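This is the structure I have questions about; it appears just below.
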Amino acid sequence: MKKIELYFLRWYFPYNIGDTVMFSSLFRAIKEVYGPCKLEVISDRTVLEAFFNDRYVDRFRTPRLYEKILPKSFYYKKKNIVHDQGARRIKFVIWPEWREETFAYLSAGTNIEECVGAPCKNIISYNYALQAGIEAAGFQDLRPRIYLTEEEVREAEESIYPNSIAINMARIRNSQQRRDGERLRYRIESWRRFVGDVKKYDPSIRIYEVGQEAFEGVGDEFLPNLSIRKTAAALNAMRLVVLSDGGVHNICNAIDKKVLLFQAYEWNPPDLFKMGNAIFNEDYHLECRKRCHLFSDILKIRSAKETCGRECYGLDPARLARDCIAHLEMENRV
């Protein structure tokens, strides 16, 4: 039986939570595409702890000392796939950075339309799968997976108020500049109006702020940064997650948690990142997102960001309240 060694060099990029979660989208694909094999995952302890009970991984291990102290350039220079016919061994080194082969693949034929419409894939899972061979990219299910234990689910349900939703209000990145002095991607007053409208519908609902650097004072409570699994368990115990950032979004993808997606701020067009668990209303977003970051790279067109007036800075998350209430009403009827 052949052995597949899957390297995710997280010791070079230890803060990429969303990319780390999406790495798990490869496990099932590799096992099923490459047939009977033993899959060994080599990464840091965060990965081991997040996915320790994944049913498709035969062994997790941290890097050996010599593997960890090798310069990053060493891994970049090596071919991504190394076949050792004598030992029947295959090695994959997976990088979170966008790959040229990903843009080339999505620009061919109707692949970009498939990515936008696929319930079990997004652009990150394509980016990873293509590094493990074109066959893996064609696998039908490239969702990330976190398998919560019964104990984790029970503990979260005991600590999280049952009638609750989560909101994630990402702060602007260091490279972004706003003239209005706003520290969030979307205006904090818009988020306050969203909360006000939801509470007008149901005054008993509790709103947690999650996945943020600090408590913004918009929700009722703040869940500080937890481990990936504890965050997943907490989100699993809530009714809905409303978000504008990638890390929390990818954790929701990994547990099939329903998300109300508002993520079109200059870098991350939601069309390419959403999966089947997303509620996504195009009416709240700008059409120019399809000529901006990632879309422009894939379609090989001039990015709209070069000439636009950053109208996306003014998008209004308060409009999400209508879809949030509709989802809660549907749950109540069930």
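Given the options Phe13, Phe103, Phe74, Phe60, name the one that is of a type in the set (Phe, Trp, Tyr) and closer than 19 Å to Leu142 by Cα.
None of the other options fit; the residue is Phe103.
Looking at the stretch 152-165, which of the residues that are of a type in the set (Asp, Glu) and under 13 Å from Ala232 (Cα atoms) is surrounded by the most Cβ atoms within 10 Å (Cβ to Cβ)?
Among those that are of a type in the set (Asp, Glu) and under 13 Å from Ala232 (Cα atoms), it is Glu152.
With respect to Pro144, determine if the residue is assigned by TED's automatic domain parsing to the domain that holds Val218, touching a residue at least 60 places away in the same chain (Cβ under 8 Å) and closer than 27 Å to Lys230 by Cβ.
So Pro144 fails the test.
Looking only at the stretch 298-318, how many residues end up being at pLDDT 90 or above and not in a loop (DSSP other than H, G, I, E, B)?
3
Yes or no, residue by residue, for (1) buried (at least 20 other Cβ atoms within 10 Å of the Cβ); (2) over 24 Å from Ala326 (Cβ atoms):
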position	(1), (2)
Leu240	yes, no
Leu260	yes, no
Gly276	no, no
Arg289	yes, no
His293	no, yes
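Do we find a residue being of a type in the set (A, V, I, L, M), closer than 21 Å to Ala233 by Cβ and within 15 Å of the chain's Cα centre (by Cα) anywhere in the stretch 25-38?
Within the stretch 25-38, not a single residue is of a type in the set (A, V, I, L, M), closer than 21 Å to Ala233 by Cβ and within 15 Å of the chain's Cα centre (by Cα).
Here is a further query. Of the residues that sit in the stretch 176-229 and are of a type in the set (Asp, Glu) and assigned to a loop (DSSP other than H, G, I, E, B), which one is nearest to Ala326 (Cα to Cα)?
Asp202
Determine which single condition Arg171 fails, assuming it passes every other condition in (1) among the charged types (D, E, K, R); (2) in contact (Cβ under 8 Å) with a residue 60 or more places away in the chain; (3) surrounded by fewer than 22 Cβ atoms within 10 Å (Cβ to Cβ).
Among (1) among the charged types (D, E, K, R); (2) in contact (Cβ under 8 Å) with a residue 60 or more places away in the chain; (3) surrounded by fewer than 22 Cβ atoms within 10 Å (Cβ to Cβ), Arg171 violates only (2).
So, one more: Residues of the stretch 207-219 being of a type outside the set (S, T, N, Q), on the phi < 0 side of the Ramachandran plot and crowded, with 17+ Cβ neighbours inside 10 Å, which ones?
Ile207, Tyr208, Glu209, Val210, Glu216, Val218, Gly219, listed by residue number.
The values are calculated or read from the model by the stated rules, or taken from the named source; none is laboratory data. Since the structure is predicted, the reported quantities are computational estimates derived from the model, not experimental observations. Every residue, glycine as well, gets a Cβ built from its backbone with ideal geometry; the counts of neighbours run over all protein chains shown.
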